[in-house]
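Okay, structure first, notes after.
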Amino acid sequence: MRLTIADIVQLTQGELIGSGQMEIKGCAGLKEAKEGDVSFLANPKYEPLAKECKASVILVSQGTSLPGKTVIKVDHPSLAFAKVIDYFLKDSATFIPPGIHPTAVIAKDALIAKDVAIGPYVVIEPKAVIGEGTKIYAHSYIGHETRVGSQCLIYPFVTLREKISIGNRVIVHSGSVIGSDGYGYVTVDGKHTKIPQIGTVIIEDDVEIGANVTIDRARFDKTIVGEGTKIDNLVHIAHNVSIGKHCLIIAQVGISGSTHIGSHVILAGQVGVVGHLTIGDGAIVAAQSGVSKSIPAGHQVFGSPAQPLRAAFRANAHIQRFDHYVELIQELKKRVEELEKK
Amino acid sequence: MRLTIADIVQLTQGELIGSGQMEIKGCAGLKEAKEGDVSFLANPKYEPLAKECKASVILVSQGTSLPGKTVIKVDHPSLAFAKVIDYFLKDSATFIPPGIHPTAVIAKDALIAKDVAIGPYVVIEPKAVIGEGTKIYAHSYIGHETRVGSQCLIYPFVTLREKISIGNRVIVHSGSVIGSDGYGYVTVDGKHTKIPQIGTVIIEDDVEIGANVTIDRARFDKTIVGEGTKIDNLVHIAHNVSIGKHCLIIAQVGISGSTHIGSHVILAGQVGVVGHLTIGDGAIVAAQSGVSKSIPAGHQVFGSPAQPLRAAFRANAHIQRFDHYVELIQELKKRVEELEKK
Amino acid sequence: MRLTIADIVQLTQGELIGSGQMEIKGCAGLKEAKEGDVSFLANPKYEPLAKECKASVILVSQGTSLPGKTVIKVDHPSLAFAKVIDYFLKDSATFIPPGIHPTAVIAKDALIAKDVAIGPYVVIEPKAVIGEGTKIYAHSYIGHETRVGSQCLIYPFVTLREKISIGNRVIVHSGSVIGSDGYGYVTVDGKHTKIPQIGTVIIEDDVEIGANVTIDRARFDKTIVGEGTKIDNLVHIAHNVSIGKHCLIIAQVGISGSTHIGSHVILAGQVGVVGHLTIGDGAIVAAQSGVSKSIPAGHQVFGSPAQPLRAAFRANAHIQRFDHYVELIQELKKRVEELEKK
């Protein structure tokens, strides 16, 4: 299928500066782009790179001018470029083909919608439901009575345990486990007896879950990940946690049981959150912090244990000047001794 | 199968206050329970919830009274309730059915006991041994000469590498890898040559291992996880580590090579332990701590590097008052200068 | 195949002290070795153990003498012993047999070299390339157009996503995911839209990757792991990261996007590195550190946020004496007050 610059103008609803006739064959970053490619400039600091860029057309923000270049002005160059890439990828040969591979083991009473793509050795247990247009790569496991929405993308080796619910347009990367048992025991005389975990997990629409993530099912009730929340690799979400909408949970974060996280929250890499806390909407937790108290909406914290950002920075600055303070104290001690002698 | 309140009294060996005739159809938490359910009250702070609870019978501790409610008094309500849930779950349709799925690839000289349930695409290598009543979900991999005990539960995508040993009633959640090579190299002229890891891993009885855990095999000799120890998700246990009995190892903990951990130890979330240490029986390490020295039995530590709990708390309190101390020092300096002028 | 002490002398190019005729049947550590075994002594502190050792021959360093023992003197006993173990293991029955298992699903236009071993239920997608002598265990997934070099060892449940490149003699342990999408979104009005990740991953020769590791593909361009670098379990490497040659990346480390790591760098366990930094050649980062600034070549850092090693140790020492300093300040305050009264 032939695609011209004019087609990209239409796709991105942008304003063209230059000629729209040229055919576009690929998309690439400013550095890698060659003739026939479309590229984009989102961050002004890369303008020098854009001036040298070989791409035949560049998506730029409204205020940007690149004299001598063919550009398309749009509100959000990154977003517009993502749309263009999606267009190029949609017929990509690297996706699994539509249809159900003959080696997939699908229970008779599982409900499979139309237009799915189900790869080799996928296992779908009784009464599971797979929505329209969903793609499930090789080997993934869909447990009993679990519901997967439409237009989802499930990569290889994903475990969706029994009786959980996955929304629409959800992406789950390889090795992630959703619905494993929560970590709960009764300890009597020093021995730990397992508490059955009979709750569920609900993943709402447009969530993306990275590789090797673990999300435990609730003891009763449900563990929830809200609409549009994006979870990075190797994150751990314990039983009965609820995460709001449009959060960013960066790699290797751990969230303990029954903690409630609001919407638009950012937890940076390797953050740990204690159980039974409430993290307010829009809160931001800096990398490696250990959150041991609830955080009001909009607050930013850092450190282990986490403190308000400004206090944590001041404390760190003091710690780095500790040598100086100790010298000061010792000097003062001498001077006081001198004064006392007089 | 019909189950009455009287049956639950017998199952839990409790004392009934009220009538035993009603049929019980499900079990649920205090909040979620409806008529026909059994629920439980373990923590006195939920007593108001119990008074409002719709359940037809509630398991309570010996000292508790809930006037107007049908209750069963037991020593450990959580434990008794776990028993009841297990009873309800034992015929659950969400477990894989008994028998060996025709797609399982089982070596001719593997030894499979009776009453096992082996799911689709399970691979069992030569001379492996699977004990009676063990359930292995879809896809899991059992390596050469590896022994799995009886009544185990192995979820999808578990790797049990060659020549390791898993006890009885062990649960391993999806994505966990047991018996991967320890991380060992000889470095000569800046290049790292792999040291073969020819030891084993021994997982004793009643251990539970969460999702996406990694437990490396020993260089020689063995890595051990003791009886009744419970390991949460995404934990890393290096080669030649030994962990005692009835420990709790919370999510994302990492234990370096050759460290010995006693019994009844608790390592909270994201703790890291340096190699070649000894952690005494009953020691507790608070979340995110970095343990760089051995810990005597019964001690509690916190921080990175970890300190005795009380010292760590005091140090943290001082750090949070650092501004105040710096002001004090500066004020003293001025006052000393004033005195010196006189 | 019969192997004598003299054969081991030849294999290790060492100098024999004693008789070379005895047959050797196994290899073991100093403690576990029995008659008929070969063992080794690398660390002088284990010399007492070596004197008691039952092995029939011990590999030792040039300066070591063990009177009454048959020894082979070599430059690097660990390295020499690794060679001997490899020799014993090469015909081990615990490796998967050569050939392609009939249940493997291999695309017609995938290119499979000779002498490979491909286990049950392996899936190899169109146009993938597998090099000579490479072993792929049960279930692993090789994506579209991905190239795997020769003599590689891929354990069960490995995901190599599409269009990535794996060098020669690379080892990937179970559950690792290479080429998952980088974590990149455009946020407009509080909603996160996925930025397609159309770059690749390049794993160079002689890299070893532990279990349940995640290495994301680049947005454009490539994520690289350099020759001879060894990555431990549960490590996260984000998109567009480059890691140099012969690095050691210990368990549970997380490296954020676009960070460049030099050669011969050591990142100890649970370290986190912020994005867009440069870590110089030979730098060492102590366990649990949080690196928020670039590190010059050869420097050592510790702490969260990470400081130069010596400064971090001094600051920690001060923190542990904080009680003492506070007492000093309060005492000085009193003495100044006394002086002021006079």
Run the quick spin-label model on B:Glu52 and B:Ile100: label points 7 Å from Cα toward the beta carbon, then report their separation in nm to one decimal.
5.4
Can you tell me which of C:Glu52, C:Glu125, C:Glu162 moves the most in a GNM of chain C? Springs connect C-alpha atoms under 10 Å apart.
C:Glu52
Ignore the peptide's own chain and count Cβ atoms of other chains within 10 Å of each Cβ in A:116-125; give me the average, rounded.
5
With an 8 Å Cα cut-off and a minimum separation of 6 or more residues, compute the relative contact order for segment C:38-77 in percent.
41
Report, for A:Lys45, each distance to the same residue's label point in the other copies, shortest first and in nm; define the point 7 Å along Cα→Cβ.
4.6, 4.6
Signed unit charges on C-beta, dipole axis of chain A, positive-most listed residue A:Ala317, A:Pro77, A:Gln270:
A:Ala317
Once you average over the residues of C:167-175, how many Cβ atoms of partner chains fall within 10 Å of each Cβ?
5
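Note down the relative contact order for segment A:226-268 as a percent, whole number, built from C-alpha pairs under 8 angstrom at least six residues apart.
It rounds to 42 percent for segment A:226-268.
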Cα-based Lys pair tally, segment C:151-295, threshold under 22 Å, eight or more apart or on separate chains
7
From phi via Karplus (6.51, -1.76, 1.60), per-residue ³J(HN,Hα) for segment B:25-35 in Hz, x at Gly/Pro:
10, x, 10, 7, x, 4, 6, 8, 4, 10, 4
Would you kindly state how much longer the chain becomes between B:Val188 and B:Ile17 on full extension, computed as 0.36 nm times their sequence separation minus their alpha carbon distance, in nm to one decimal?
54.1 nm
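Between B:Glu337 and C:Arg321, what's the calculated FRET efficiency when r is the beta-carbon distance and R0 is 22 Å? Round to 0.05.
Efficiency computed from Cβ-Cβ geometry: 0.25.
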For B:Gln10, which inter-copy label distances result when the label point lies 7 Å beyond Cα on the Cα-to-Cβ vector, reported in nm to one decimal and in ascending order?
7.6, 7.6
As a percent rounded to 5, the proportion of antiparallel DSSP bridges among beta bridges in the protein assembly as shown is 15
Among C:Gly226, C:Gly99, C:Gly20: highest mean-square fluctuation, GNM of chain C, C-alpha pairs under 10 Å:
C:Gly20
Inter-chain Cβ neighbour average for residues B:233-243, partner chain, 10 Å
5
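Over chain C, what is the relative contact order in percent, taking alpha-carbon pairs closer than 8 angstrom and at least six residues apart? Provide the component values of the computation, followed by the final result.
Details: 941 pairs, mean separation 21.0, N = 342.
That works out to 6 percent.
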Can you order the peptides A:302-312, A:176-186, B:108-118 by their average number of other Cβ atoms within 10 Å per residue, highest first?
A:176-186, A:302-312, B:108-118
Once the label point is set 7 Å along the Cα-to-beta-carbon vector, what list of distances in nm do you get between A:Ser65 and its counterparts in the other copies?
8.8, 8.8
Antiparallel as a % of all DSSP beta bridges within chain A, to the nearest 5?
15
Charge dipole (debye, nearest 20) of segment C:5-89; +1 at Cβ of Lys and Arg, -1 at Cβ of Asp and Glu
200
Going by a ≥ b ≥ c, the root eigenvalues of the Cα gyration tensor, does the protein assembly as shown fall in the rounded group (a/c under 1.5), the prolate group (a/b larger than b/c) or the oblate group?
rounded
Would you mind pulling out the separation of the Cα centroids of segment B:28-44 and segment C:113-163, in Å?
51
Checked chain C against the a/c 1.5 cut and the a/b vs b/c comparison, axes a ≥ b ≥ c from its Cα gyration tensor; verdict oblate
Residue of C:Lys245, C:Lys191, C:Lys135 that the Gaussian network model of chain C assigns the largest fluctuation, springs spanning Cα pairs under 10 Å:
C:Lys191
Taking +1 at the Cβ of each Lys and Arg and -1 at the Cβ of each Asp and Glu, which of C:Ser19, C:Tyr137, C:Ile224 sits farthest along the dipole of chain C towards its positive end, judged by Cα position relative to the Cα centre?
C:Ile224
Dipole magnitude of the protein assembly as shown about its Cα centre (Cβ charges: Lys, Arg +1; Asp, Glu -1), debye to nearest 20:
1380
Sum -39500 (n - 2.57) across every DSSP H segment of at least 4 residues in chain C, then divide by the residue count to get the 222 nm mean residue ellipticity, nearest 500.
-5500 deg cm²/dmol
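Just so you know, all these numbers are worked out from the coordinates, no wet-lab data involved. Keep in mind that this is a model prediction, so the values were computed, not measured. Neighbour counts run over all protein chains shown; Cβ positions are idealised from the backbone, glycine included.
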